[in-house]
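Notes follow the structure.
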Amino acid sequence: MDGYQKMTIKNVIDFANPKSFVASIVPAGFGILISIKYGYSVNLFRALGLLLSCVFFQASVNTINDYSDFVNGVDSKEDNLEEDDNIMFYNKIDPRSVRKLGLIFLILGIILGLISLGKIIYPSLIIGIIGLLTVLLYSGGPFPLSYLPVGEIASGFVMGGLIPLGVFTVFAEKIDPRVLALSLPLMVGIGLVMMSNNASDIEKDRRANRYTLAVCLGRRNIRVVYRLSFLFWLGSELFLSYYLGGYLILIFNILIFVWKRKFLADMYKKSLLPKDRIGQMMGIGLTNIIINGSYVVGIGLSLLGA
């Protein structure tokens, strides 16, 4: 491959983007804990395999999305991106190698998922196929989901809702709609990651004919939607914490939020402007750890009789 540099281990890690893995690890962990809470037996090795499968699926999405944005001319060095978030501009890597890496991550996710099943479980297979199609259609196909005003809903529902439901069905061997309802804070939090990203990219997405929700609503309106969603996120997390764990777990979560109140208030007030993009994206990731992480930890504590 003349003219291209060889992909390094660091490049592979940067394409996978481990900083974003909270969006798959937390939902998978939630699915495991809900399975235990509802009285189903959870095998440690199957649980670990499912968690790793979700991580590789996300690494595939991250890599294929980087590849797609590069070949379509969406990103540039001027778009307020860190070097490890703009790898193909700072490192002369053959796009074909990046596409192959994304497919390798995807195949590893599929293999680990199938191994974790152990046997044919049709509800789990159906959910897995929906997740696979979402990965393939998110940045590819004639109408990529990332180019439409449904990116927040698609990413939130699949990662925040279908991951917990899919993990749950492996152990329960059936679909329980309650799991989706209980996953609401996870869906909202992950959707807000996408909303934060798209709201920061309104101008460049318009130039690329990318009709995200932020582009369709405009900067002022998307900021209103962001803040209302943020409040709903906090409220749903507290309500469901009480529903699943009682007053002690509710108090645990309230104390966490009081402890981090200045940070959460700052994230609520974010401008969503391009110049603040790096801090916004780092912050919304950390906010997911605080809000959704405390939700999952609270459920874990409730299993111990806290």
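Values in this text are rule-based calculations from the coordinates and carry no lab data. Keep in mind the model is a prediction, meaning the values are calculated, not measured. We place every Cβ from the backbone using ideal geometry, glycine too, and count neighbours over all the protein chains shown.
With a Förster radius of 35 Å applied to the beta-carbon distance between residue 232 and residue 104, the computed FRET efficiency rounds to 0.40.
For segment 88-163, the calculated P(r) over all alpha carbon pairs, in 10 Å bins from 0 to the bin holding the longest distance, is 16, 40, 34, 10, 1 percent.
Phi-derived couplings, Karplus 6.51 cos²θ - 1.76 cosθ + 1.60 at θ = phi - 60°, listed residue by residue for segment 56-70: 5, 4, 5, 4, 5, 4, 4, 5, 5, 5, 4, 4, 5, 4, 5 Hz, with x used for Gly and Pro. The residue 41 and residue 111 beta-carbon pair, evaluated with R₀ = 25 Å, returns a calculated FRET efficiency of approximately 0.60.
In this simple spin-label approximation, residue 174 and residue 268 carry label points 7 Å from Cα along the Cα→Cβ vector, and these lie 4.1 nm apart. Within a straight-line Cα-Cα reach of under 29 Å, residue 174 can be paired with the following lysines, leaving aside sequence neighbours fewer than 8 residues apart in one chain: 37, 119.
Among the chymotrypsin sites (Phe, Trp or Tyr not before Pro) found in segment 195-234, those both in a DSSP coil and sparsely packed, with 15 or fewer other Cβ atoms within 10 Å of their Cβ, are 211.
Any chance you could check the Cα centroid distance between segment 281-304 and segment 1-53 for me, in angstrom? Each part reduced to its Cα centre gives a spacing of 16 Å. Kirkwood Rh, Cα Rg: Rg to Rh for segment 154-222? On the Cα set of segment 154-222, Rg over Rh gives 1.16. Inverting the pair-averaged 1/r between distinct Cα atoms of segment 9-218 gives 17.6 Å as its Kirkwood hydrodynamic radius.
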